[in-house]
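The values are calculated or read from the model by the stated rules, or taken from the named source; none is laboratory data. Small disclaimer: the values here were computed from a predicted structure and weren't measured. Here the Cβ positions follow ideal geometry from the backbone for every residue, glycine too, while neighbour counts run over all protein chains shown.
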């Protein structure tokens, strides 16, 4: 597979929403462009939603989406992982962490899209608990 093909691979099991608008194609290149727009202040956030909940290995929870926005420090991102109880959609806890650079974010997103692997969130802060 050529390098160009890798960037154009479409991830049909995922939904990408940017600033509240669903995007047609989930590709690494599209995500890179949206991250650049977030860094430039042209976009506020992006949300990636899998077609099925992803297991959170460190706890008895699953993730139903991840989201990114600009961190307080320019050029960095705030990353959040939404989790719910494994057996029901309640007790929502969103874990967040600051200080991700573009390279780290793309590494995490690539693992999500390719392998359904979430980052280790056990040491992340609880951003929201419902």
(message) Can you tell me which condition residue 66 does not meet? The list is (1) farther than 21 Å from residue 125 by Cβ; (2) in contact with a strand residue (DSSP E or B) (Cβ under 6 Å, 6 or more places away or on another chain); (3) in contact (Cβ under 8 Å) with a residue 24 or more places away in the chain, and all the others hold.
(response) (1)
(request) Considering each residue of the range 83-130, count those that are assigned to a loop (DSSP other than H, G, I, E, B), over 12 Å from the mean Cα position of the chain (by Cα) and closer than 20 Å to residue 73 by Cβ, and give that number. (result) 3
(message) For the range 10-52, give me each residue that is more than 24 Å from residue 72 (Cβ to Cβ) and part of a loop (DSSP other than H, G, I, E, B).
(response) 10, 11, 12, 13, 23, 24, 25, 26, 27, 51, 52
(request) Test residue 128 against the criterion of being in contact with a strand residue (DSSP E or B) (Cβ under 6 Å, 6 or more places away or on another chain) and either farther than 22 Å from residue 17 by Cβ or surrounded by 15 or more Cβ atoms within 10 Å (Cβ to Cβ) (or both), and give yes or no. (result) no
(request) Run residue 53 past the list (1) without any contact (Cβ under 8 Å) to a residue 60 or more places away in the chain; (2) farther than 13 Å from residue 112 by Cα and report the number of the one that doesn't hold. (result) (2)
(request) Tally the residues that are modelled with pLDDT of 95 or more and touching a helix residue (DSSP H, G or I) at 6+ places or on another chain (Cβ under 8 Å), restricting the search to the range 55-79. (result) 6
(request) Write out, first by first residue and then by second, each pair whose Cβ atoms fall under 6 Å of each other, whose residues are 6+ apart or on separate chains, and whose first residue, in the range 15-34, is in contact (Cβ under 8 Å) with a residue 24 or more places away in the chain while the second is part of a loop (DSSP other than H, G, I, E, B). (result) 16/23; 16/26; 18/43; 19/43; 19/44; 26/11
